[in-house]
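First comes the structure, then the notes that go with it.
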Amino acid sequence: MNMVELNCAGTIRLAKYVVRHMVRQGWGKILFSSSIAGEMVAPREAVYAATKAFVLSFAHSLRHEISSIGVSVTALQPGPTNTDFFHRAGMDNTEVGRKGKLENSPRDVARQGIDALMEGADHIYAASSMKTKIEGMLANAVPGAVKAAMHEKAARPQIERKAS
């Protein structure tokens with residue numbers, strides 16, 4: 001419930017304040033932090049993925065509601081990024097927690113997000129591997145069961161092998 005409150009309700013509360021101000025002035029740019037997970041079936045991360053899907057849908061919808069007023073909305077969708085996210089989520093012992101994030105620095109994600117925002121892009125798959133970009137582009141074409149199996153493999157804790 002804390003995650004829903006932060007990622008969904010908190011996003012709406014902040015957006016309401018910011019959008020009201022930008023609409024009054026007749027221009028502005030808003031960057032929402034979603035995730036590639038917002039387009040996936042995500043076993044072991046169901047609530048997280050659902051909240052990020054909410055943010056993505058909210059960003060796309062709001063973009064269309066206020067674009068004629070001169071306010072641009074961009075959704076940032078990073079893939080696994082080299083932060084403490086996976087450690088805090090108890091996912092150190094998973095494929096994605098160990099190696100999936102190494103190539104994506106927070107600085108690269110932020111820079112690409114800001115660049116996309118300034119260009120007025122709808123969304124960006126930031127600092128993502130080719131695999132992540134393809135997953136995002138195919139998200140609506142791939143059956144949910146296939147996406148779930150892919151995510152389950154990456155998010156399943158790995159068995160530690162003891163030396164004999």
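Since every read-out is calculated from the coordinates, none of them should be taken as a lab result. Because the structure is a prediction, the values reported are computed rather than measured. Cβ: placed from backbone, ideal geometry, glycine included. Neighbour counts: every protein chain shown.
Annotations
- Pairwise FRET efficiency - S68 versus V18, Cβ, R0 = 25 Å, nearest 0.05: 0.90
- Alpha carbon convex hull of region 1-111, volume per residue in cubic angstrom: 101 Å³
- Taking a Cβ cut-off of under 12 Å around R44, the surrounding Lys, Arg, Asp and Glu residues balance to a net charge of -1, with basic ones at +1 and acidic ones at -1.
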